[in-house]
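The next block holds one structure in the form of structure tokens; read it before the comments.
No value in this document is a laboratory result; all are computed from the given coordinates. All figures in this text were calculated on a predicted structure; none of them were measured in a lab. Please note: Cβ atoms are built from the backbone with ideal geometry, for glycine as well, and neighbour counts cover all protein chains shown.
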Amino acid sequence: MSFLFEDFRGWKEYCSENNQELFEAVLEYEVEQKQRTEEEIWTGLEAAYQVMKEAVQTGLSEDMISRSGMINNGAKKVHAYPTPVLSKEFQLLISRALAAKEVNSCMGRVVAAPTAGASGILPGVMVTLQELHDVPDKKIMEGLLIGAGIALIMEKRASIAGAVGGCQAETGSAAAMGAGAIVYCLGGNVDQVFNAVAITIQCMLGLVCDPVAGLVEVPCVVRNASAAAIANSSAQIALADVSAVIPVDECVEAMGEVGQSMETRYKETALGGLAATTTGKAISNRVLIQDIEMLPDEDSIS
Ligand code: SF4
């Protein structure tokens with residue numbers, strides 16, 4: 001019987017009792033629950049990471065203009081800007097997260113990790129981590145498995161969907177996955193991995209889901225970049241053994257409670273927040289008219 005991903009405390013206990021690494025419990029779970037072989041799971045992870053890398057590359061090289069026009073090659077502009085705000089690596093992290101998410105907003109191929117709306121975060125984080133620290137592919141896959149375990153618990157105890165728990169649930173979960181994976185790949189222990197998740201949740205708590213015109217473009221794309229930055233800052237803090245104070249399971253409970261009490265207009269309905277601004281509503285009307293103009297006329301249907 002593999003561990004069922006109910007909470008972080010149980011995950012740690014299970015690994016300790018069975019002398020397993022965190023990723024091994026996730027692997028066992030996938031084998032048992034999904035009826036797949038270990039080899040199939042590793043192959044799937046490799047394929048997923050390949051798609052992530054391609055999304056980064058595509059977003060940084062091809063034309064990325066969404067049909068609404070709200071997304072217009074932002075990643076390439078950030079990538080090419082001559083002055084890095086912190087370091088070249090930070091600039092790369094931000095431009096990569098933007099790039100992969102822009103591919104999603106322009107209907108390209110991405111990995112929903114854990115959702116399409118948050119699909120730029122893990123590519124930005126993992127590609128940059130691997131390049132910077134020369135992390136072997138196998139370790140990256142193990143980090144992705146740990147990210148999957150983190151998402152399983154967050155889904156169970158709170159949510160990973162903006163429509164259910166706000167953007168904290170969606171980009172917040174992806175950032176937590178990234179933070180845990182970074183700490184693991186850089187040699188952190190179990191407590192440090194979970195502490196990184198707790199710190200990330202604390203930083204993302206309360207973020208509403210308010211996509212302009214109901215399109216997963218604004219503010220979604222820039223939030224992928226900021227969530228990638230938070231994943232890295234949380235990992236940096238956790239690796240230094242700075243405590244989140246509130247244990248990770250309680251942080252997840254808090255995220256669930258905040259998500260439940262969030263008003264419907266902040267849950268992907270495009271009725272609140274940025275979507276309800278004057279400009280947001282004007283864009284929404286323009287997109288609606290665009291859609292109507294693209295409908296085939298009745299004569300051509302019949
Ligand atoms: S604002 Fe909503 S749709 Fe956009 S990334 Fe966040 S959760 Fe997803």
Taking the Cα centre of each part, how many Å lie between the range 122-144 and the range 173-252? 16
Farthest positive-ward along the range 1-104 dipole, Cα basis, beta-carbon charges - from 71, 22, 33: 71
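Based only on other Cβ atoms within 10 Å, what is the fewest-to-most ordering of 7, 191, 63, 137? Spell out each step's value before the answer.
Numbers: 7 17, 191 14, 63 8, 137 11.
The order, fewest Cβ neighbours first, is 63, 137, 191, 7.
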Subtracting the Cα-Cα distance from 0.36 nm times the residue separation, let me have the gained length for residue 33 to residue 240 in nm, one decimal. 71.0 nm
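Under a Cβ-only charge scheme (Lys and Arg +1, Asp and Glu -1), can you give me the dipole magnitude of the range 8-294 about the Cα centre, in debye to the nearest 20? Please report the intermediate quantities before stating the final value.
Details: 21 positive and 34 negative charges, 228 e Å.
Dipole size: approximately 1100 debye.
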Which of 39, 263 has the fewest other C-beta atoms within 10 Å, and how do the rest follow up to the most? 39, 263
Simple spin-label estimate for residue 50 and residue 72 in nanometres, 7 Å along Cα-Cβ: 3.6
Can you tell me how much longer the chain between residue 163 and residue 4 gets when fully stretched, taken as 0.36 nm per residue apart minus their C-alpha distance, in nm with one decimal? 54.8 nm
Label model pair residue 261, residue 281: point-to-point distance (7 angstrom along the Cα→beta-carbon line) in nm is 2.9
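With a length cut of 27 Å (Cα positions projected on each helix's long axis) and a Kyte-Doolittle mean of at least -0.5, go through the chain and give me the DSSP H helices that pass.
Values: long enough: 38-61 (34 Å, -0.24); 137-157 (30 Å, 0.42); 220-239 (28 Å, 0.95).
Both cut-offs are met by 38-61, 137-157, 220-239.
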If each residue's Cβ is checked for other Cβ atoms within 10 Å, how do 177, 1 rank with the fewest at the top? 1, 177
So which residue, out of 251, 15, 185, gets the largest mean-square fluctuation from a GNM of the chain using Cα contacts under 10 Å as springs? 15
